[in-house]
Amino acid sequence: MIIKVPGKKPEVCHSFTELIDLYPTIAELAGLPVSEHIQGKSLVKTLDDPKHEVRDMAFSVTQGGRSFLLRTDKWAYIQYDEDAGAGIELFDMENDPEQFTNLADNPDYTQTVTNFKDKLKKKLKEVRTNDLGFTYGE
């Protein structure tokens with residue numbers, strides 16, 4: 001993602017961000033209030049301190065809501081369907097950044113897969129929590 005702000009010098013920040021972070025970032029830069037109910041996080045601090053960490057991982061979901069990604073510095077975890085019935089992929093991003101070797105079925109990584117399943121379940125609950133009275137699929 002590239003953000004250009006007048007008066008700020010170019011920097012490279014390696015913190016994870018999500019598209020949902022754009023609204024609170026732009027609102028803060030424009031001096032507008034941001035609702036406490038917004039799930040995104042402002043990226044403004046990274047403009048002055050590129051080492052500032054906004055998130056410890058990135059979350060992504062496909063438009064149809066059938067595949068999910070959790071990305072950390074070390075891992076890329078992809079799960080197809082909420083029950084993982086259509087498959088799982090796990091890639092070591094330090095040793096396999098081009099994602100050639102899926103480690104999800106390797107018994108040495110069972111605990112890592114279990115941890116990511118738990119993280120995804122928690123993340124889905126977090127993003128589905130709202131004050132609008134809507135209930136989203138589980």
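The values are calculated or read from the model by the stated rules, or taken from the named source; none is laboratory data. The structure presented is a predicted model; accordingly, all values stated were derived computationally and were not measured. Note that each Cβ is placed from the backbone with ideal geometry, even for glycine, and that neighbours are counted across all protein chains shown.
With the structure loaded, tell me whether Lys41 is of a type in the set (Lys, Arg) and within 25 Å of Lys4 (Cα to Cα) or whether it fails that test.
Numbers: of a type in the set (Lys, Arg): yes; within 25 Å of Lys4 (Cα to Cα): yes.
It is true that Lys41 is of a type in the set (Lys, Arg) and within 25 Å of Lys4 (Cα to Cα).
Among the numbered criteria (1) of a type in the set (Gly, Ala, Ser); (2) closer than 30 Å to Pro24 by Cα; (3) part of a loop (DSSP other than H, G, I, E, B), which single criterion is violated by Ser60? Here Ser60 clears every test but (3). The residues in the stretch 23-76 that are of a type in the set (Lys, Arg) and surrounded by 13 or more Cβ atoms within 10 Å (Cβ to Cβ) can be counted, and the count is 4. Under the condition of being in a helix (DSSP H, G or I) and either surrounded by fewer than 16 Cβ atoms within 10 Å (Cβ to Cβ) or small (Gly, Ala, Ser) (or both), the residues counted in the stretch 2-22 number 3.
What residue, of Glu18, Glu89, is assigned by TED's automatic domain parsing to the domain that holds Pro107 and at negative phi? I'd like the intermediate steps shown before the answer.
Values: Glu18 fails: assigned by TED's automatic domain parsing to the domain that holds Pro107.
Result of the check over Glu18, Glu89: Glu89.
Within the stretch 23-57, being in contact with a Cys (Cβ under 6 Å, 6 or more places away or on another chain) and assigned to a loop (DSSP other than H, G, I, E, B) holds for one residue alone: Pro50.
Every listed requirement among (1) touching a strand residue (DSSP E or B) at 6+ places or on another chain (Cβ under 7 Å); (2) at pLDDT 95 or above; (3) exposed (fewer than 15 other Cβ atoms within 10 Å of the Cβ) is met by Asn95 save one, (1).
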